[in-house]
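One structure below.
The values are calculated or read from the model by the stated rules, or taken from the named source; none is laboratory data. Model, not experiment: these values are computed from the prediction. Every residue, glycine as well, gets a Cβ built from its backbone with ideal geometry; the counts of neighbours run over all protein chains shown.
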Amino acid sequence: MASKLRRKTPKAKETILRPVHPNAGIAAEYQRRLDALIQDMHDSVVYWLTATYRQNEPRIALDETPADALRRSMKELSSRWLKRFDSMSTKMAEYFAQSVEKRSTAVMKKILKDGGWTVSFQITPAMRDIMDATIHQNVALIKSIPAQYLEQVEGIVMRGVQSGRDLGQVSKDLQDRLGVTRRRAALISKDQNNKATAAFNKARQVELGLTEAVWVHSGGGRESRPSHLKAGREQTRYTISEGWFDPAVGQKIQPGELIHCKCVGRPVIKGFS
């Protein structure tokens, strides 16, 4: 059953609702959980590779190539951590998606209530589809973290062996790789929070029969997109079901859909007599 929207005191003038912003706390918790897994993986990799490297360092210094032992260690570590992330990915993705849906729905309900509207939200097929898609997307992203990290680590170690580099330099390169991986996890958590919030908001608004929204620009801590800044300044209206045509990318988009975009929409409830 679709959600129902009723006004206690009908008015002829249209109402422009407050926007639902992504919740920074949800993104921070998602990032914290990813960071914990990444740090555990990195500590394990450094421990076992350091032990293997030290056993073979005299040969490395002589420009010999004890790559087989290190390659075996990497194979074992990769198998272990790919399985670990795989086992955790669905639980983490479900927790994240459910947190975003619950929070965005609660905020939308409060915004409507503050405006004098009563609403009864239902779990609809559209909402279930978005939930499933969000979980699936985040499972894939979570699994990609160890795959990318471990591939890069193997490259660092093999290049170290080939060039006769000491353990200190290899350790530094591994630490740099950890930083890259953690920054990617931070991007995933924030970007997915924006995207999921936008998707759930759109579905709820469409279910309520809302058809139009006003684009609101919100800087994301990076250089603002000129087209988004202009749309916000001009209070551009767009069709909720289709999105706003962004001339910079040549297609219709939703607020928060593009990477680093933190823009939101203010739904318009049309006036009636």
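So the values come out like this:
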quantity: Residue match in segment 145-159 (condition: touching a residue at least 12 places away in the same chain (Cβ under 8 Å), surrounded by 13 or more Cβ atoms within 10 Å (Cβ to Cβ), polar (S, T, N, Q) and assigned to a helix (DSSP H, G or I)); calculated: yes
quantity: Test: residue in segment 18-28 that is part of a helix (DSSP H, G or I) and either modelled with pLDDT under 80 or surrounded by 16 or more Cβ atoms within 10 Å (Cβ to Cβ) (or both); calculated: yes
quantity: Selected residue (criterion: nearest to Lys252 (Cα to Cα)) from residues of segment 166-224 that are among the acidic types (Asp, Glu) and outside any strand (DSSP E or B); calculated: Asp191
quantity: Residue check, Gly265 without any contact (Cβ under 8 Å) to a residue 24 or more places away in the chain, under 20 Å from Gln192 (Cα atoms) and not hydroxyl-bearing (Ser, Thr, Tyr); calculated: no
quantity: Residue in segment 249-263 that is buried (at least 22 other Cβ atoms within 10 Å of the Cβ), modelled with pLDDT under 95 and of a type in the set (Gly, Ala, Ser) present; calculated: yes
quantity: Qualifying residue in segment 120-129 (condition: crowded, with 20+ Cβ neighbours inside 10 Å and either without any contact (Cβ under 8 Å) to a residue 24 or more places away in the chain or not basic (Lys, Arg) (or both)); calculated: no
quantity: Evaluation of Leu210 against (1) at pLDDT 95 or above; (2) among the aliphatic types (A, V, I, L, M); (3) in contact with a Pro (Cβ under 8 Å, 6 or more places away or on another chain) (one fails), failing number; calculated: (1)
quantity: Test result for Ser73, of a type in the set (Ser, Thr, Tyr), modelled with pLDDT under 95, surrounded by 12 or more Cβ atoms within 10 Å (Cβ to Cβ) and under 26 Å from Asn194 (Cβ atoms); calculated: no
quantity: Candidate set: segment 225-269, residues that are outside any strand (DSSP E or B) and hydroxyl-bearing (Ser, Thr, Tyr); chosen: the one nearest to Asp191 (Cα to Cα); calculated: Ser227
